[in-house]
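Q: Here it is, the structure, as structure tokens.
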């Protein structure tokens with residue numbers, strides 16, 4: 001999962017490395033947030049905050065990763081092409 005790769009890079013390859021409480025992952029779907037949390041935990045990244053925009057309201061993070069999901073991207077483009 002690409003989000004896990006980004007977190008790994010941020011925590012291991014940046015100087016200075018980011019800490020868990022400095023990273024947030026925003027996704028619009030609860031089910032997607034659950035899958036991201038599980039993938040992160042399987043790679044040893046526990047306690048990373050994953051949730052909707054409302055989850056992070058009033059908080060500050062050095063880095064926010066936005067994870068979006070378009071199940072049918074071609075349909076998305078068809079809808080906006082007709083507008």
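Q: Scan region 10-34 residue by residue and report those that are in a helix (DSSP H, G or I) and in contact with a helix residue (DSSP H, G or I) (Cβ under 8 Å, 6 or more places away or on another chain).
A: 11, 20
Q: Residues of region 35-55 being in contact with a strand residue (DSSP E or B) (Cβ under 9 Å, 6 or more places away or on another chain), in a helix (DSSP H, G or I) and surrounded by 16 or more Cβ atoms within 10 Å (Cβ to Cβ), which ones?
A: Answer for region 35-55, where residues must be in contact with a strand residue (DSSP E or B) (Cβ under 9 Å, 6 or more places away or on another chain), in a helix (DSSP H, G or I) and surrounded by 16 or more Cβ atoms within 10 Å (Cβ to Cβ): 36, 37, 40.
Q: I need the full set of residues from region 43-71 which are without any contact (Cβ under 8 Å) to a residue 12 or more places away in the chain and closer than 16 Å to residue 7 by Cα, in order please.
A: Within region 43-71, just 44 meets the criteria.
Q: Another one. Select from region 39-60 the residues that are in contact with a helix residue (DSSP H, G or I) (Cβ under 6 Å, 6 or more places away or on another chain) and farther than 17 Å from residue 22 by Cβ and list them in ascending order.
A: Within region 39-60, 39, 43 qualify.
Q: Going by the conditions given, is residue 7 surrounded by 17 or more Cβ atoms within 10 Å (Cβ to Cβ), part of a helix (DSSP H, G or I) and either modelled with pLDDT under 95 or out of contact with any helix residue (DSSP H, G or I) (no Cβ under 8 Å at 6 or more places or on another chain) (or both)?
A: When the stated conditions are applied, residue 7 does not pass them.
Q: Same structure again: Residue 46: modelled with pLDDT under 95 and under 11 Å from the mean Cα position of the chain (by Cα), yes or no?
A: So residue 46 does not fit the description; no.
Q: Could you list, in sequence order, all residues of region 56-68 that are under 11 Å from the mean Cα position of the chain (by Cα) and assigned to a helix (DSSP H, G or I)?
A: none
The values are calculated or read from the model by the stated rules, or taken from the named source; none is laboratory data. Keep in mind the model is a prediction, meaning the values are calculated, not measured. Cβ sites come from the backbone with ideal geometry, for glycine too, and all protein chains shown count toward neighbours.
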